[in-house]
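Chemist: One structure is given below, represented as structure tokens, and several questions about it will come after.
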Amino acid sequence: MYAFLDELRAETLVIIDGAYQEYAAFKDSAKKIIPSDIIRKYPNAIYTGTFSKAYGLGGMRCGYGIAQPEIIQALLKLRAPFNITTLTLKAAIVALSDEAFVEASVRENFEQMKAYEVFAKELGFRVIESYTNFIVLEFDASKNSAEIAQKLMEKGIIVRNLGSYGMNAIRVTIGTPEQNARFFEAFKTLYM
Ligand SMILES: *Cc1c(COP(=O)(O)O)cnc(C)c1O
């Protein structure tokens, strides 16, 4: 990322989407991004974060941006008045102060991810190493990811078919232990 930022001209605005930053930093501290350091070194950068993932507020539609004052001033001119609800704002403020929740949610994510890695190994699928709250299961030619995604959907489990990326793979969001057990069960009955 720094090599990329170094290449850019000073007038090129760049957005660094940190949606998964809490996960990546937990798994590998070398991947931790400190927004204030970035915008100091690269005044043309905006760091964005969200409350939808590690903070557990998906559906509240609340995120934030950190950038130099000139950039924020320019953005404020475009921002619609009252663009988030007061309830959302309250939830986000409370979430920010609950570091223990974020820590626990990220820790559980990676504990549960191990179950997917074990599952994939047992069934002979490849997984792509993940620094996020989802994992990619890749299949050999004997299986079809579109069909797998469709059949899981019929059982009430929504995964993302990655066929459009030219992959025979699905992306599965890591859930609670109960949700993950349901996925393993459904998957096995479909394909064993
Ligand atoms: C989840 C996510 C976001 C933010 O989602 P919101 O719910 O709109 O806050 C941004 N970028 C990526 C890559 C994401 O996965």
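Chemist: Among Met1, Met60, Met113, Met192, which comes first, second and so on when ranked by fewest other beta-carbon atoms within 10 Å?
Modeler: Fewest-to-most ranking of Met1, Met60, Met113, Met192: Met192, Met1, Met60, Met113.
Chemist: Also, I was wondering about something else. May I ask which residue of Tyr64, Thr88, Ile46 lies farthest towards the positive end of the charge dipole of the stretch 1-104, with charges of +1 (Lys, Arg) and -1 (Asp, Glu) on Cβ and the Cα centre as origin?
Modeler: So the residue we want is Thr88.
Chemist: Something else: Which lysines have a Cα lying under 30 Å from the Cα of Lys77, excluding residues fewer than 8 positions away in the same chain?
Modeler: Lys41, Lys53, Lys90
Chemist: Which is the longest run of the chain containing none of the chymotrypsin sites (Phe, Trp or Tyr not before Pro) found in DSSP loop states (not H, G, I, E, B) with at most 15 other C-beta atoms within 10 Å?
Modeler: Here the longest run is 1-81.
Chemist: Counting each DSSP H run of 4 or more residues in the chain as -39500 (n - 2.57), what helix-only mean residue ellipticity at 222 nm follows after dividing by all residues, to the nearest 500 deg cm²/dmol?
Modeler: That comes out to -14500 deg cm²/dmol.
Chemist: Say a site is exposed when it is one of the trypsin sites (Lys or Arg not before Pro), sits in a DSSP loop, and has at most 10 other Cβ atoms within 10 Å; what is then the longest site-free stretch of the chain?
Modeler: 80-192
Chemist: Still on this model: Kindly identify the stretch 2-97 as rounded, prolate or oblate by the Cα gyration tensor criterion: order the square roots of the eigenvalues as a ≥ b ≥ c, call it rounded if a/c is under 1.5, otherwise compare a/b with b/c, prolate if a/b is larger, else oblate.
Modeler: Oblate, since a/c reaches 1.5 and b/c is not below a/b.
Chemist: Rounded to the nearest whole Å³, what is the per residue volume of the convex hull around the Cα atoms of the chain?
Modeler: Dividing the Cα hull volume of the chain by its residues yields 162 Å³.
Chemist: Take Val94, Val106 and order them by how many other Cβ atoms sit within 10 Å, fewest up front.
Modeler: Lowest to highest Cβ neighbour count: Val94, Val106.
Chemist: Separate question: Which whole-number percent gives the relative contact order of the stretch 2-97, counting Cα pairs below 8 Å spaced six or more residues apart?
Modeler: Across the stretch 2-97, relative contact order equals 24 percent.
Chemist: Quick check: net charge around Gln68, other residues with Cβ under 14 Å of its Cβ, Lys/Arg +1 and Asp/Glu -1?
Modeler: Net of charged neighbours comes to -1.
All of the numbers you see were taken from the coordinates with simple rules; none came from a lab. In this text the structure is predicted, and so the values were computed from the model without any measurement. Cβ atoms come from the backbone with ideal geometry, glycine included; neighbour counts cover every protein chain shown.
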